[in-house]
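K.L.:
Please see the structure below; I have some questions.
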Amino acid sequence: MTPVYDPQAALRHEKKLLLHKRVRNLIPAAPFVLPGLILACVFVIYPMLFNIRISFSNYQIVQRTMTWVGLDNFAALFTERGDRLLLAIRNNFLYALVTTPFIMLFGLVFAVMVNSLRRSQLFFRTCFYLPVITSWVIVGNVFAYMFNAGGAGLVNYLLKDVFGLLPEYVSWLNRTWTANLVIWLLGIWKNIGWAMVIYLAGLQGISADLYEASMLDGASRTQQFWRITVPLLKSTTFYVLVNMIIGSFGVFIQVMMLTSGNPRGTTSVLQYLLYDKSFNLFEFGQGAAIGIITALLVLLTTFVLNKVFHTEGGKTE
């Protein structure tokens, strides 16, 4: 008898052969992939899953006990006296809204300036990038000295004693908005060099022929900047924007070094609140819950940015 052709069986057989072929292709790569995969599982995936478990539990690290409490940790954070969580979220978003435009603007301006140099590009790139690789602790101590209260602070000394612009010394780090201003200034100064290097890489990818052709058409440098440079750096700008905003949710060291969240938690951020809950108050469940909230905020922010900039697959259209 002639066998009856079964399309479904043929399709299943074809898929099985394709799967076997893919497995055979993966075998030679396994020795190179497995070490990284194992490390990722041990140091990324397992801690992440364990953190999620802690966020729904009352975890006592000394007694090594973990009691399931459901959403109690999240409820405690949102109903806590003083609204510490809401203040921290506010400060993270304010940090992103204030610092990101200045970092991108000055990073682009300095990148254009350095890119236009015929000599000493390496020297200026190094100078602008030095703040990025300088220790946060060192820079935090320098800013703490500069904005110290009284005449001992460099800024107070210059503004009051030298130039006479202030009637009295300002206690910069003991007031909510001046302390936040110092934190923002530190973040801007520290990250401009990184944005400049990224923009510089994007500028060097733009063909010089475009500028030469525009010059022949009578375009000025300003017109070249707005009609050629800015549009062709759209993908680079989106990359810098996303990294700066996501990085804003990781702000920690500058807050710890400058204000420790004071006065009364009004300069605290999510990561400092997580540190305070976990390692000062030993409320590990609430600390883990803050980590989950931070991750959700980062995902939501990234999703919104992709929608606003009409991106697909992480690339601007």
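K.L.:
Here are Phe102, Phe147, Phe123, Phe128: which of them is under 30 Å from Thr222 (Cα atoms) and in contact with a Gly (Cβ under 8 Å, 6 or more places away or on another chain)?
P.N.:
Criteria check complete, one pass: Phe128.
K.L.:
Taking interchain pairs and intrachain pairs at least six residues apart, which have beta carbon atoms under 6 angstrom, with the first residue in the range 219-234 and farther than 14 Å from Gly205 by Cβ and the second in a helix (DSSP H, G or I)?
P.N.:
If the second residue must be in a helix (DSSP H, G or I), the pairs left are Gln224/Tyr211; Gln224/Ser214.
K.L.:
Of the residues that make up the range 143-161, is at least one assigned to a loop (DSSP other than H, G, I, E, B) and either in contact with a strand residue (DSSP E or B) (Cβ under 6 Å, 6 or more places away or on another chain) or under 25 Å from Phe106 (Cβ atoms) (or both)?
P.N.:
There is at least one residue in the range 143-161 that is assigned to a loop (DSSP other than H, G, I, E, B) and either in contact with a strand residue (DSSP E or B) (Cβ under 6 Å, 6 or more places away or on another chain) or under 25 Å from Phe106 (Cβ atoms) (or both).
K.L.:
Report, by residue number, each residue of the range 249-272 that is at pLDDT 90 or above and either at positive phi or of a type in the set (Lys, Arg) (or both).
P.N.:
Hits for the range 249-272 are Ser260, Gly261.
K.L.:
Restricting attention to the range 19-64, and to residues there that are open to solvent by less than 90 Å² (accessible area, probe 1.4 Å), outside any helix (DSSP H, G or I) and of a type in the set (A, V, I, L, M, F, W, C), which single residue is nearest to Ala289 (Cα to Cα)?
P.N.:
Only one residue tops the list, namely Phe56.
K.L.:
Please pick out the residue among Leu117, Leu159 that is surrounded by fewer than 16 Cβ atoms within 10 Å (Cβ to Cβ) and modelled with pLDDT under 90.
P.N.:
Only one candidate passes the filter, namely Leu117.
K.L.:
Kindly evaluate Leu86 against the criterion of being surrounded by fewer than 19 Cβ atoms within 10 Å (Cβ to Cβ), modelled with pLDDT under 90 and not in a strand (DSSP E or B).
P.N.:
When the stated conditions are applied, Leu86 does not pass them.
K.L.:
Starting from the range 121-140, take each residue that is at pLDDT 90 or above and list its partners that are part of a helix (DSSP H, G or I) and of a type in the set (S, T, N, Q), counting only C-beta distances under 6 angstrom and pairs at least six apart or across chains.
P.N.:
Here the result reads Gly140/Gln254, each pair linking the range 121-140 to a residue that is part of a helix (DSSP H, G or I) and of a type in the set (S, T, N, Q).
K.L.:
In addition: Is it the case that Ile103 is exposed (fewer than 12 other Cβ atoms within 10 Å of the Cβ) and in a helix (DSSP H, G or I)?
P.N.:
The answer is no for Ile103.
K.L.:
Note down all Cβ pairs under 6 Å where the first residue falls in the range 144-156 and is modelled with pLDDT of 90 or more, the second is open to solvent by 50 Å² or more (accessible area, probe 1.4 Å) and in a loop (DSSP other than H, G, I, E, B), and they're at least six residues apart or on different chains.
P.N.:
If the second residue must be open to solvent by 50 Å² or more (accessible area, probe 1.4 Å) and in a loop (DSSP other than H, G, I, E, B), the pairs left are Asn156/Tyr169.
K.L.:
Among (1) surrounded by fewer than 12 Cβ atoms within 10 Å (Cβ to Cβ); (2) within 22 Å of Ser268 (Cβ to Cβ), which single condition is Leu122 missing?
P.N.:
(2)
K.L.:
Given the range 215-297, what helices (runs of 4 or more DSSP H) lie entirely inside it while holding 2 or more residues that are open to solvent by less than 50 Å² (accessible area, probe 1.4 Å)?
P.N.:
Answer list for the range 215-297: 234-248, 253-258, 270-275.
K.L.:
Same structure, new question: With Val255, Val240 as the choices, which residue is touching a Phe, Trp or Tyr at 6+ places or on another chain (Cβ under 6 Å) and within 18 Å of Ala96 (Cα to Cα)?
P.N.:
Val255
K.L.:
Another question about this same structure. Restricting to the range 162-188, name every residue that is more than 30 Å from Asn243 (Cβ to Cβ), surrounded by 13 or more Cβ atoms within 10 Å (Cβ to Cβ) and hydrophobic (A, V, I, L, M, F, W, C).
P.N.:
Leu166, Val170
The values are calculated or read from the model by the stated rules, or taken from the named source; none is laboratory data. Note that the structure is a prediction, hence the values are computed from the model and not measured. Glycine gets a Cβ as well: all are built from the backbone with ideal geometry, and neighbour counts include every protein chain shown. Side chains are part of the model used for accessible areas, which takes the heavy atoms of the whole protein and leaves out ligands, DNA and RNA. Shrake-Rupley method; radii C 1.70, N 1.55, O 1.52, S 1.80 Å.
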